[in-house]
1. State whether one or more residues within the range 78-93 are within 20 Å of GLY13 (Cβ to Cβ) and free of Cβ contacts under 8 Å to residues at least 12 places away in the same chain.
2. Among the residues of the range 29-73, which ones are touching a residue at least 24 places away in the same chain (Cβ under 8 Å) and of a type in the set (Lys, Arg)?
3. With respect to the numbered conditions (1) assigned to a loop (DSSP other than H, G, I, E, B); (2) more than 26 Å from ASP3 (Cβ to Cβ); (3) touching a helix residue (DSSP H, G or I) at 6+ places or on another chain (Cβ under 9 Å), which one is the sole condition not fulfilled by TYR121?
4. Against the condition outside any helix (DSSP H, G or I), more than 20 Å from TYR121 (Cβ to Cβ) and not aromatic (Phe, Trp, Tyr), how does LYS17 come out, does it pass?
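Here, each number is a calculation from the coordinates, and none is a lab measurement. Treat the numbers as computed from the prediction; the structure is a model and nothing was measured. Neighbour counts are summed over all protein chains in view; Cβ atoms, including those assigned to glycine, are modelled from backbone coordinates with ideal geometry.
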Amino acid sequence: MEDVSKLQAALNGLCPKCRKGKIFKKPFYSLTGFDEMYEYCPHCGLRYEVEPGYFYGAMFVSYAISGGVALVIGFLLFYLAGDPSGWVYFAVIAPVMVLIAPINFRVSRVIWLQYVAGIKYVKGL
């Protein structure tokens with residue numbers, strides 16, 4: 001079996017150590033349980049939450065993603081809709097933030113695990 005790159009592992013929500021085990025139990029589009037993570041990697045046994053409160057840092061990644069999405073939507077509204085009133089910005093951006101919340105939750109945790117945690121890939125696991 002070919003090795004999976006770090007980017008492929010991040011895009012597929014795979015363990016940063018073995019790049020084979022899944023991080024999340026259910027797909028992101030699941031209405032219930034989109035946030036359910038395995039405590040340990042089903043393949044190599046890596047504990048994902050390496051210490052209590054470990055994923056608080058992922059909240060900052062989530063804030064950055066949300067802010068970037070809101071900024072892009074705001075610019076699009078400004079330039080394409082001719083700078084509508086503040087209520088239009090709110091009425092467009094707020095529902096988008098709610099709709100992307102499950103994806104944002106997962107992406108921020110995967111980025112945190114893959115790129116910030118310092119967990120090294122072990123080839124051949």
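1. Among the residues of the range 78-93, not one is within 20 Å of GLY13 (Cβ to Cβ) and free of Cβ contacts under 8 Å to residues at least 12 places away in the same chain, which makes the answer no.
2. Scanning the range 29-73 gives no hits.
3. All conditions pass for TYR121, except number (2).
4. Working: outside any helix (DSSP H, G or I): yes; more than 20 Å from TYR121 (Cβ to Cβ): no; not aromatic (Phe, Trp, Tyr): yes.
In short, no.
Conditions tested, residue by residue: (1) under 19 Å from the mean Cα position of the chain (by Cα); (2) β-branched (Val, Ile, Thr); (3) surrounded by 13 or more Cβ atoms within 10 Å (Cβ to Cβ).
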position: LEU71; (1), (2), (3): yes, no, no
position: LEU76; (1), (2), (3): no, no, no
position: GLY82; (1), (2), (3): no, no, no
position: TRP87; (1), (2), (3): no, no, no
position: ALA101; (1), (2), (3): yes, no, yes
position: LEU113; (1), (2), (3): yes, no, yes
position: ALA117; (1), (2), (3): yes, no, yes
position: GLY124; (1), (2), (3): no, no, no
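Residue-by-condition table, conditions (1) within 12 Å of the chain's Cα centre (by Cα); (2) among the acidic types (Asp, Glu); (3) not in a helix (DSSP H, G or I):
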{"position": "ASP3", "(1), (2), (3)": "no, yes, yes"}
{"position": "TYR29", "(1), (2), (3)": "no, no, yes"}
{"position": "GLY33", "(1), (2), (3)": "no, no, yes"}
{"position": "CYS44", "(1), (2), (3)": "no, no, yes"}
{"position": "TYR54", "(1), (2), (3)": "no, no, yes"}
{"position": "ALA64", "(1), (2), (3)": "yes, no, no"}
